[in-house]
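Beneath this line is the structure, given in structure tokens, with notes to follow.
Bear in mind these aren't lab numbers, they're just calculated from the coordinates by the rules spelled out. This is a predicted model, so every value here is computed, not measured. Positions of Cβ are backbone-derived with ideal geometry, glycine not excepted, and every protein chain shown enters the neighbour counts.
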Amino acid sequence: MSPRKDLLDIASLQDEEIEFILANATPFKDLFKRSVKKVPTLKGRTMLTLFYEPSTRTLSSFEVAASRLSADVTRFDVDSSSVVKGESVVDTIDTLEAMRLDYIVVRHKQSGIPNLIAQNTRASVINAGDGWHAHPTQALLDAFTLREVTHNELPGKRILIVGDIQHSRVARSTSLLLRRLGMQVAYLAPGTLMPRDTPAEITRFDNWTDALDWNPHTVYLLRVQMERQADSLFPSVGEYHRLFGLTDTRLQILRDRKTWLMHPGPVNRGVEITDAGMNYDRSLINQQVENGIAVRMAVLYTLRPNPA
Ligand code: CP
């Protein structure tokens, strides 16, 4: 396996790199049971988080992952930086390059910005979500979580991804990775939120009855992006919940069938999920968060910044 500098998407990862990251996440997760959860692996290295969009899970998860590897962590505060005076991404990176960082973790609303940054720095760049394009560490933590609950038996298992597929970088990255690992993927979405160009192997549903007849092993809910309401892509939050949300009636069907439930967060309670859904005993939401740290430790461990 040749050394990799950046993690920008799932498509560019080789199968052996995916296996390497997922395999290394296990011993990193084992560390979490110890009172001292830190190893010296990245001592002397520096990671910068550069988030142009809000985040709870991904940002804090990367920061915890890096500190558990003994790297120094710096958060670039976009709102109090010269970005607000109009400084471009390339000029910001040019300035940061002089600081000889080792890892830059980037989130940006525009697809392709992490790739642009990667071309302009010797640091390893990790895409923490860019526009509708990709969220590769979310996909890796989802795959790791599903391998845990299936005891590494993903091939042939069915996952139903529900919600705003069209605008979801999570759906793109996670469905691509899970298909590569042998899962069968289906989408359930209103017509306005279903991409037109889905691969033929992905089954498409427009209602829960047919989707549940497909008998998924896991249901993966996506966040309803409330800002899309202004684009009239769904009639109302109440209507979305009735037609596409995991109502308590649908949750009972999952409970009866022992179906697993996932969500990348943040959730909209009462829209795509109910309070009962959040308390469901087969919800993997917290396990996804915990695994996110282990998988991001494995990603940082795998990447090799260019020499100074
Ligand atoms: N899953 C995810 O990307 O969540 P955050 O937006 O909180 O980082």
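Note on ASP91 and GLN14: with the Förster distance fixed at 35 Å, the Cβ-Cβ geometry gives a FRET efficiency of about 0.55.
Helix 248-257 axis versus longest C-alpha principal axis of the chain: approximately 80°, rounded to the nearest ten. Both radii were evaluated on the Cα set of region 244-308; the Rg over Rh quotient, with Rh as the Kirkwood radius, amounts to 1.21. The relative contact order of region 136-289 comes to 23 percent, based on Cα pairs under 8 Å that sit 6 or more residues apart. Each pair of Cα atoms in region 48-149 enters the Kirkwood radius, and Stokes-Einstein at 10 °C and 1.306 mPa s then converts it into a translational diffusion coefficient of 111 µm²/s. Among SER67, SER81, SER35, the largest mean-square fluctuation in a Gaussian network model of the chain (Cα springs under 10 Å) belongs to SER35. For the chain, the longest stretch holding no trypsin sites (Lys or Arg not before Pro) located in a DSSP loop with at most 10 other Cβ atoms within 10 Å is which? The reported range is 35-195.
A Förster radius of 22 Å combined with the Cβ-Cβ distance from GLN110 to GLU148 puts the calculated FRET efficiency at roughly 0.05.
A compact globular protein would have a Cα radius of gyration near 2.2 N^0.38 Å; the ratio found for region 136-199 is 1.10.
Rounded to the nearest 10 degrees, the inclination of helix 285-302 to the longest alpha-carbon principal axis of the chain is 30 degrees. If you plug the beta carbon distance of ARG122 and THR56 into 1/(1 + (r/R0)^6) with R0 = 35 Å, you get a FRET efficiency near 0.70. The share of C-alpha pairs in region 112-164 whose separation exceeds 13 Å stands at 69 percent. All C-alpha to C-alpha distances of region 136-289, sorted into 10 Å bins beginning at zero, yield P(r) values of 11, 46, 37, 6, 0 percent in whole numbers.
Across q = 0.11, 0.30 Å⁻¹, region 34-96 modelled as identical point scatterers on its alpha-carbon atoms has Debye log10 I(q)/I(0) values of -0.32, -1.22, in the order of the q list. Counting every Cα pair in region 1-107, what percent are over 23 Å apart? Tail of P(r) above 23 Å: 39 percent of Cα pairs.
In a Gaussian network model over the chain where Cα atoms closer than 10 Å are linked, find which of PRO199, PRO190, PRO155 has the largest mean-square fluctuation. Of PRO199, PRO190, PRO155, the most mobile in the Gaussian network model is PRO199. Both radii come from the Cα set of the chain: Rg as radius of gyration, Rh as Kirkwood radius; their ratio Rg/Rh reads 0.97.
Relative to the longest principal axis of the Cα atoms of the chain, the long axis of helix 169-180 lies at roughly 80 degrees.
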